[in-house]
Amino acid sequence: MSKYKYSCLNPIAQVGLGLFSEEYTKTDDIKEADAVLVRSASMLEMELPENISAIARAGAGVNNIPLDKCASDGIVVFNTPGANANGVKELVIAGLMLASRNIVGGINWVQTIKEEKDVAKLVEKGKSKFAGKEIQGKKLGVIGLGAIGVLAANAANRLGMEVYGCDPYISVEHAWNLSRDIISVKSKEDIYKECDYISLHVPLLEDTKKMINKETLSKCKDGVVILNFARDLLVNDEDMEEALKSGKVAAYVTDFPNEKTAGMKGVIAIPHLGASTEESEDNCAVMAVKQIKDYIEHGIIKNSVNYPDCDAGTFTGGTRVTINHKNIPNMLTQFTGVFSAENINIANLLNKSKGDYAYTVIDIEGGVSNGIADKLKAINGVLKVRTLS
């Protein structure tokens, strides 16, 4: 008989779901689920039942999940950073080529003459209208050196571009993976001033929203190409339209068409294909399922967007108690006091915090009664308690 139930709000690659053991059963009723896997389905207006402990987004963006509500309910939300990085990287390189060589314009023109008798002669006569530029030797600025940004920067460098990278918060892992040939700059202004192409790879935050606007574009070279495979709202569409009309921007490549940009002259609008590869979907599914299993079975948190990463190791015996709680003073004293009052010795304790929320793992050698969990739940600021045995 299975111990856990999971629900999928979107189709999830079988290569990932196949990692679930016999202890897991799939259910279409979210009210029965301990965990939820989702891709693009919106959960913003959903009523989430109390039994849900975790949500895994098979992808990087989590704007379809109510993160604060989940955190306050003790639900850990995971994403899969880097799982689709190669797929997006390849589309960034394709975007560079499409914008540089006017490939889309040329293809569309051929369709207008395909019924003519002398197509070959017409092609030779008219192809000069679609002459472009080579990217070799040109300057590319990559803003944001996360999993995708690093891969895109390295790939462009290997294609002969002079690549500038800007990310004041680059992780040690990504810094190690960045080619030594990439020119690191401290300010985005250096990117705007120096580069012929600019590729955006930053999350959507208050200080990045509409970061490409009239002011920043005025600092760019004339004829700059902007590539956006990160988030739609990083670019001010009205300001971009004016820059395209004036020639300040030669082309805007976006993976996020909207009512404004879909028909905008000078825009190459790709229908959000960055992670739309079989390999990316498989990688995301595998990572999402592994994160769910680690958390449900062992209380391990990795790649959460609303709770701290916390790894107390694989749970092998005795009892492990996990507590999702608010990040406020005196919580650990109250937790240990509950066990002390029952004369229970704590073998291991790990506590991590992230913003307004925290997570505590307590291991003991024996078992615990339901009364222990109830006493922990009664502590002000405790949001969810799970007992693993």
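The values are calculated or read from the model by the stated rules, or taken from the named source; none is laboratory data. Given the structure is predicted, the values throughout are model-derived calculations rather than measurements. We place every Cβ from the backbone using ideal geometry, glycine too, and count neighbours over all the protein chains shown.
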Name the residue that is surrounded by the most Cβ atoms within 10 Å (Cβ to Cβ), counting only residues in the stretch 299-338 that are of a type in the set (Ser, Thr, Tyr) and in a strand (DSSP E or B). 322
Report those helices (runs of 4 or more DSSP H) wholly inside the stretch 1-118 carrying at least 3 residues which are at pLDDT 95 or above, farther than 20 Å from residue 388 by Cβ and more than 21 Å from the chain's Cα centre (by Cα). 85-101, 103-113
The stretch 236-274, residues that are charged (D, E, K, R), part of a helix (DSSP H, G or I) and closer than 17 Å to residue 209 by Cβ: 237, 238, 239
Does residue 191 qualify as being in the same structural domain as residue 23 (by TED's automatic domain parsing), in contact (Cβ under 8 Å) with a residue 12 or more places away in the chain, buried (at least 18 other Cβ atoms within 10 Å of the Cβ) and not basic (Lys, Arg)? no
Quick check: is even one residue across the stretch 44-54 among the β-branched types (Val, Ile, Thr), closer than 22 Å to residue 203 by Cβ, without any contact (Cβ under 8 Å) to a residue 40 or more places away in the chain and not assigned by TED's automatic domain parsing to the domain that holds residue 385? no
Report yes if residue 341 is small (Gly, Ala, Ser) and surrounded by 14 or more Cβ atoms within 10 Å (Cβ to Cβ), otherwise no. no
Of all residues in the stretch 40-76, count the ones that are in contact with a Cys (Cβ under 8 Å, 6 or more places away or on another chain) and either more than 21 Å from residue 357 (Cα to Cα) or surrounded by fewer than 23 Cβ atoms within 10 Å (Cβ to Cβ) (or both). 3
Of the listed residues (225, 289, 267, 253), the one being buried (at least 18 other Cβ atoms within 10 Å of the Cβ) and without any contact (Cβ under 8 Å) to a residue 60 or more places away in the chain is 267
Output the number of residues of the stretch 25-60 satisfying the condition of being touching a Lys or Arg at 6+ places or on another chain (Cβ under 7 Å) and over 25 Å from residue 274 (Cα atoms). 7
